[in-house]
1. Among residues other than L335 whose Cβ falls under 13 Å from its Cβ, what is the net charge (Lys/Arg +1, Asp/Glu -1)?
2. Calculate, for N121 and T285, the FRET efficiency according to 1/(1 + (r/R0)^6) with r their C-beta to C-beta distance and R0 60 Å; round to the nearest 0.05.
3. Would you mind counting up the charge near G300? Only other residues with Cβ under 13 Å from its Cβ, with Lys and Arg at +1 and Asp and Glu at -1.
4. Could you rank the peptides 135-144, 308-317 by their average count of other C-beta atoms within 10 Å per residue, with the highest value first?
5. Of all alpha-carbon pairs in region 302-423, indicate the percentage at a distance above 25 angstrom.
6. Give the peptides 294-305, 158-169, 211-222 in descending order of average Cβ contacts within 10 Å, highest first.
7. Determine the principal axes of the Cα atoms in region 332-403, then give the extent along each, sorted from largest to smallest and rounded to whole angstroms.
8. Calculate the dipole size of region 226-285 relative to its Cα centre from +1 charges on Lys and Arg beta carbons and -1 charges on Asp and Glu beta carbons; express the result in debye to the nearest 20.
Amino acid sequence: MNSKYPRPNDQGFTLPTALGMGFILMLVTAAMLEGARSEQISATSRARSELSMAVAEAGITRFQSFLDRQRLLVTRNLSNWQSDLTNLESTVGHCVQKTTAQTYSQGDWLDLPTGKYRLRNYSYQPQPDSNGQIGISKLQIEGQTTSKPSQASSLIAVEMPVSLIPTTLPALWTTELNLHREQKITGNVRVRTCPTANGQVAGISAENMAVGSNGQASGSITASIFPWPQARPIPDRNIDLPMIQGNLTLPRPEDWPDEKGVYHYAVQSNSNNQSIDLSTDQKLTIKLKDNEVVNLYTKGNISIAGEILAIDEVTKTPQPQKLRIYGGADTTEFLLFDSATVTALIHAPLANGKGYSATKMGTGLTGILWLKSWNSSNHNSRLSIEQAGSWADLAIPPEEQLGVRIHPPSSWQRRDLSKLSSD
């Protein structure tokens, strides 16, 4: 057989083999390119998701900071915020004109450097029997990237414990101050106003704060528009009392307290709209047993140049926390003279208060003085105010005691909204 001719079964083998190998290489290359593309898309998607998560986390931090400034909303559900905001006047937080609370409650977006976020839901669940922790707040924040061509959204739900911070009653709490440079306050002062540019409060200075035995100021001065308790309503079960003028001792033999030992007196006003008018030599004495308290609800104005003393009937010691004077809707003026000696907790939120100098000097006011405004400078009053009493004495709800604290999140749940929508 002639060997220079190929065998029949070898004909056409080389070309098909080369074509097959090329096709296989093309498939492998295409698969590798598709895998790299898918991996790149997946990595990009993960990056966008992580960025939107970071935006949502930043939104949670911003929202926590907001709640720390506006603590009355901590214990309110988002569904009630619209009505609650009506009672917070026109500004919240750090004296801003457009309320951040309104923006949150409407679900509006707020911008961040890397995206934007909004409040999806906020609720509060009270838990009174939880070792001093008064509740749990539940928060949902949505974060969204704003980079093109595609966006990503994430939702983070957290739970944050809420507890109480023990605080003392402000000795002086008002909206506007004008203190005489020599008037001394022992305790904290709160002013419902914005601080000045240097962080101070108009109408009062560090010189007005009494110095303790340790050489330090006895209290602090704080500017905050944190809302305060409104005028207390007179209970239906009360003891009618004529306008107080001249010497008087309460309770009278014919007066009876309620089941908790509280005497509720509705103090009427005269034709000049005066409910209490004590001159220099006149005295109102409150004598109480251990478990007794007197509440005076005034229907008119108050002027005190004499003495109002709440004392323990047995020990004869002062008990300012057991006498509460609540100014009503028509208590719009409160006059206090340097000749006065007062042991009482006084809360008249609609009254403009004025201090007046006097030739006879009393010992000042021991308790609290909460008024719409307080001016002791124009009439050279040096009357001192020394804090006494506690929040419990005024039966003010915990969330209104300036001492509600919201803690860092105790649990996190993350959800990629972009992935859910694509599925």
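None of the figures in this text is laboratory data; all of them are computed from the coordinates on show. Note that the coordinates shown come from a computational prediction; the quantities given were computed from them, not determined experimentally. Heads up, the Cβs are rebuilt from the backbone with ideal geometry, glycines too, and the neighbour counts pull from every protein chain shown.
1. Combined, the nearby Lys, Arg, Asp and Glu give -2.
2. Calculated transfer efficiency: 0.65.
3. Net of charged neighbours comes to -2.
4. 135-144, 308-317
5. 40 percent
6. Descending packing order for the listed peptides: 294-305, 158-169, 211-222.
7. Computed over the Cα atoms, the extents are 42, 22, 17 Å.
8. Using only the charged Cβ atoms, the result is roughly 160 debye.
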